[in-house]
Amino acid sequence: MVGAMPAKTSDIDDQSTETPHYHGHRERLRERFHSAGSDALSDYELLELALFASIPRRDTKPFAKALLKKFGSFAEVVHAPAARLREVDGISDASINQIKLIAAATHRIAKGEIRKSVALSSWNDVIGYCRAGMAFADKEQFRILFLDKRNQLISDEVQQTGTVDHTPVYPREVMKRALELSATAIILVHNHPSGDPTPSQADIQMTRAIIDIAGPLGISVHDHIIVGKNGHASLKGLKLI
């Protein structure tokens, strides 16, 4: 009886040792990043690159594209809450940590730039810093930039975190903290998770209440900035305060 022909061991070995197709792609992407910089990469390519460390043995392109499809842009991906990132198939805790590290680094760099500069002569930096920290949050946050007499940042603090459309703000608590820090001016900042930064009537009334208390204490309220993923609004710029 003639037995079945055995499989060629060389074919099996060749398949098991074959270099995955994405390895060459990873090297080309790294080389383009090093030689031409991040501007030479699209959003999904930059995400691919960011995921290399957390997904070492799989093609990261499908994950990058799935993240962008769900959230819309590189910025929205890195600032998305961890719980939402977990909704994307195949995204592990290691990948989420890698993504959130990018968000943390962005915010830390912006904060360092703000601390080195005179806030009111670097308004674009202030806006960029506020948007980086809050524009893509899924819940409303109210934060305060406390400034000294040279308009340099003393402290940046989140005072309250609320729901998707409301954050309770207590003007006397704001002033109490300003006095504790010996701040002479403050910038109020909060986000609109809807994306639309248009100030509400409640935003305007709350700001005016804080101004009324701050004035007699010698503390200036320079502005109230509202940020969202679709832009920002300045109550001072809109002549609402």
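The values are calculated or read from the model by the stated rules, or taken from the named source; none is laboratory data. Note that the structure is predicted; figures quoted are calculated from it, not measured. All Cβ positions, even for glycine, are placed from backbone atoms using ideal geometry, and neighbour counts span all protein chains on display.
Between a residue in region 75-93 that is closer than 16 Å to Pro193 by Cα and any residue that is part of a loop (DSSP other than H, G, I, E, B) and modelled with pLDDT of 90 or more, which pairs come within a Cβ distance under 9 Å, given they are 6 or more apart or on different chains?
none
Quick grid of which residues meet (1) of a type in the set (Gly, Ala, Ser); (2) part of a strand (DSSP E or B); (3) at pLDDT below 95:
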position	(1), (2), (3)
Arg143	no, yes, yes
Arg150	no, no, yes
Pro199	no, no, yes
Ala209	yes, no, yes
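Of the conditions (1) assigned to a helix (DSSP H, G or I); (2) modelled with pLDDT under 90; (3) closer than 30 Å to Asp156 by Cβ, Asn97 satisfies every one except a single condition; which number is it?
(2)
Need the failing condition index for Gly90 against (1) more than 22 Å from Leu41 (Cα to Cα); (2) part of a helix (DSSP H, G or I), just the number.
Only one criterion in (1) more than 22 Å from Leu41 (Cα to Cα); (2) part of a helix (DSSP H, G or I) is unmet by Gly90, namely (2).
Conditions tested, residue by residue: (1) of a type in the set (Asp, Glu); (2) touching a strand residue (DSSP E or B) at 6+ places or on another chain (Cβ under 7 Å); (3) under 27 Å from His79 (Cβ atoms).
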{"position": "Gln160", "(1), (2), (3)": "no, yes, yes"}
{"position": "Met175", "(1), (2), (3)": "no, no, no"}
{"position": "Ala178", "(1), (2), (3)": "no, yes, no"}
{"position": "Gly195", "(1), (2), (3)": "no, yes, yes"}
{"position": "Gln201", "(1), (2), (3)": "no, no, no"}
{"position": "Gly218", "(1), (2), (3)": "no, no, no"}
{"position": "Asp223", "(1), (2), (3)": "yes, yes, yes"}
{"position": "Gly231", "(1), (2), (3)": "no, no, yes"}
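Suppose we filter Leu68, Leu49 for residues that are modelled with pLDDT of 90 or more and touching a helix residue (DSSP H, G or I) at 6+ places or on another chain (Cβ under 9 Å); which single one remains?
Being modelled with pLDDT of 90 or more and touching a helix residue (DSSP H, G or I) at 6+ places or on another chain (Cβ under 9 Å) holds for just one of Leu68, Leu49, which is Leu68.
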